[in-house]
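Any read-out appearing in this document is the output of simple, stated calculations on the displayed coordinates, not a laboratory observation. All values reported here derive from a predicted model rather than from experimental measurement. Glycine also receives a Cβ, built like all others from the backbone with ideal geometry; neighbour counts cover every protein chain displayed.
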């Protein structure tokens, strides 16, 4: 699959702020509020109006089933899967609202976050925290 060149909606900033406010208030839960479907896909939807995660609805419920899903689609990590959906950019080229992939130990290989200047917003047990943009292995352009 070729990464999609998406277009940001005219009101993307206010939509991004609204979705991040909602994300901040919710506890982590696989598939409904994890870094893929609950953060990255929701941000892309808010910024562009395109649901890049819809094809994976109901396909996983924990880290192990997420890893199986990633591998079953021919990808080595969550970052590789996202690279099939969005164009990759070097972290130094990332802009507000872009998606960042941070290498991590574990079955899915990456955690996803949202670029917020020199920081990346990442999901925590409840709400979100931040890590340095330099922690990103790669970022993905959202519109």
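Tabulated values for the structure
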read-out: Estimated [θ] at 222 nm from DSSP helical runs (n ≥ 4, -39500 (n - 2.57)) normalised by residues in the chain, nearest 500; value: -7500 deg cm²/dmol
read-out: Calculated FRET value between residue 63 and residue 134, using beta carbons and R₀ = 25 Å, to 0.05; value: 0.45
read-out: Shape parameters for the chain, alpha-carbon atoms, Rg then Dmax in Å; value: 13.6, 38
read-out: 18 Å cut-off, amide nitrogen to a point 7 angstrom out along residue 21 Cα→Cβ, residues in the stretch 83-123; value: 97
read-out: Extended-chain gain in nm, criterion 0.36 nm per residue less alpha-carbon gap, residue 104 and residue 13; value: 29.9 nm
read-out: Counting all C-alpha pairs of the stretch 69-135, share separated by more than 21 Å (%); value: 24
